[in-house]
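The values are calculated or read from the model by the stated rules, or taken from the named source; none is laboratory data. Computed from a predicted model, the values in this text were never measured in an experiment. When we count neighbours, we look across all protein chains shown, and the Cβ atoms used for this are built from the backbone with ideal geometry, even at glycine. Note: areas computed on protein heavy atoms with side chains; ligands, DNA, RNA excluded. Shrake-Rupley method; radii C 1.70, N 1.55, O 1.52, S 1.80 Å.
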Amino acid sequence: MKRREFITLAGGAVAAWPLAAHAQQPAKQRRIAFVHSGIPADKLTETAGPFWVRRFHETLRGLGDVEGSNLVIERYSAEGRADRYAALAAEVVSRNPDVIVANLNDLVKAFKTATATIPIVVITGDPIAGGLVTNLARPGGNLTGVSINAGIEIHSKRLQLLKEAIPSAAKVAYLLSGNWGSTESSFREAGQRLGIALTENLLSEVNDAQLRRTFAAIAEQHFDAAIVDEGGSFVAHRALIAELAGKHRLPVIYPYRDYVEEGGLMAYAPDLGELAQRMANDVHQILNGTKPGDIPFYQPSKFQFVLNLKAAKAMDLSLPPSLITSADEVIE
């Protein structure tokens, strides 16, 4: 081999070493703090969480943000205790994650107070009425996400479906994990038009013992049916709530399909799969440099009516065929 050829080959090999070393560097890991008001931290995973949590993780992975590879997810829960929100927000912010994912207006407010710089992606109620943002198209600041709020129409629709399922229903308990907010008068009026009187059952703290007492009291007072609000603290206890409704033979309409999967009677809900995908996309955009305040807040556009005939049979509840055929999904 000629000396010039040897120098060229050797020089090329040396030049390639930094490239090879660079290619073997592990991907930079980004950190997400996943925080929920009620669901236990060990249930905020792709395998153990409720439907929307599973879809969120699945979508992130599909976008290339893979836990254990280029992504670290730290999980936290307030375990249904509103008095823990401020301290929990301070703890999470002190760890300085790249993005915070959170639910519930009051919990999100705690994070807004704790940081004005760390991006926050949320799933919450009405973000404008809740004082989180002033503009859905351009939220500004360090906050964006999705809203489960579909206005009073979704509450009216749940009452209508409940009346179709139990035409004799006149006395309905409304289980609340927080205040009614601005929907109370409209919700009550919608009930009155259907011949339904709504009675508030506010749980200041959602736990197993309180839920058992509440359902026992509802049964003792001979309510015809019940509605459960959208609060995350209730979602964390969805299996017990469905169990208690069955035990007391109380027809309940739920805000999410997760309850029906646990044996609940029926749900009329935003498509949480769609909302979870949107949240994951927001996180992905932020991790790739987009400012959260430039990402529009998304409101639900798809809704699902899910019916559990097995639960109806266990209650000896004969549902109208028209109601069954109107369901988007029937569990038998």
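In the context of the full set of protein chains, residues of the range 23-131 present 45 Å² of accessible surface per residue (probe radius 1.4 Å, heavy atoms only).
Judged by the ratio a/c of the largest to the smallest principal axis of the C-alpha gyration tensor, the range 40-154 counts as rounded, that ratio being less than 1.5. Computed in the context of the full set of protein chains, the accessible area of the chain at 1.4 Å probe radius has 50% of its extent on carbon or sulfur. What does the charge count near residue 196 come to, summing +1 for each Lys or Arg and -1 for each Asp or Glu among other residues with Cβ under 14 Å from its Cβ? Counting the neighbours of residue 196, the net charge comes to +2. Taking a sphere under 11 Å around the Cβ of residue 88 and counting the other residues whose Cβ falls inside, with K and R at +1 and D and E at -1, yields a net charge of -1.
In the range 107-261, Cα pairs under 8 Å separated by at least six residues give a relative contact order of 19 percent. The charge dipole of the range 67-185, taken about its Cα centre with unit charges on the Cβ of Lys, Arg, Asp and Glu (plus for the first two, minus for the last two), comes to roughly 220 debye.
The range 119-173 and the range 260-332 have Cα centres lying 13 Å from one another. Quick check on my link table: of 157/310; 43/247; 43/163; 171/302, which ones sit more than 31 Å apart, alpha carbon to alpha carbon? Table pairs above 31 Å Cα-Cα are 43/163. The 3J(HN,Hα) values that the Karplus relation (6.51, -1.76, 1.60; θ = phi - 60°) gives for the range 80-96 are, in residue order, x, 10, 5, 5, 9, 4, 5, 5, 5, 4, 4, 5, 5, 4, 5, 8, 6 Hz. Gly and Pro appear as x. Here the contact order of the chain, divided by its residue count and restricted to Cα pairs under 8 Å and six or more residues apart, works out to 19 percent.
Calculated [222 nm] ellipticity per residue, helices only, for the chain: -12500 deg cm²/dmol; basis is -39500 (n - 2.57) per DSSP H run with n ≥ 4, divided by all residues, nearest 500. Here the Gaussian network model covers the chain, with springs between Cα atoms less than 10 Å apart; of 167, 292, 127, 167 fluctuates the most. Neighbours of residue 276, meaning other residues whose beta-carbon lies under 13 angstrom from its beta-carbon, give a summed charge of 0 when Lys and Arg score +1 and Asp and Glu score -1.
Calculated accessible area for the range 157-253 comes out at 43 Å² per residue, all protein chains present (probe 1.4 Å; ligands, DNA, RNA ignored). When the square roots of the Cα gyration tensor eigenvalues are ordered a ≥ b ≥ c, the ratio a/c for the range 170-210 is 1.5 or more and a/b does not exceed b/c, which makes its shape oblate. The calculated FRET efficiency for the pair residue 171 and residue 129, based on their C-beta separation and a Förster distance of 45 Å, comes to about 0.95.
For the chain, with a Gaussian network of springs between Cα atoms less than 10 Å apart, report the residue from 63, 136, 162 with the top mean-square fluctuation. The residue that fluctuates most here is 63. In this Cβ point-charge picture (+1 for Lys and Arg, -1 for Asp and Glu), the chain has a dipole of about 960 debye about its Cα centre.
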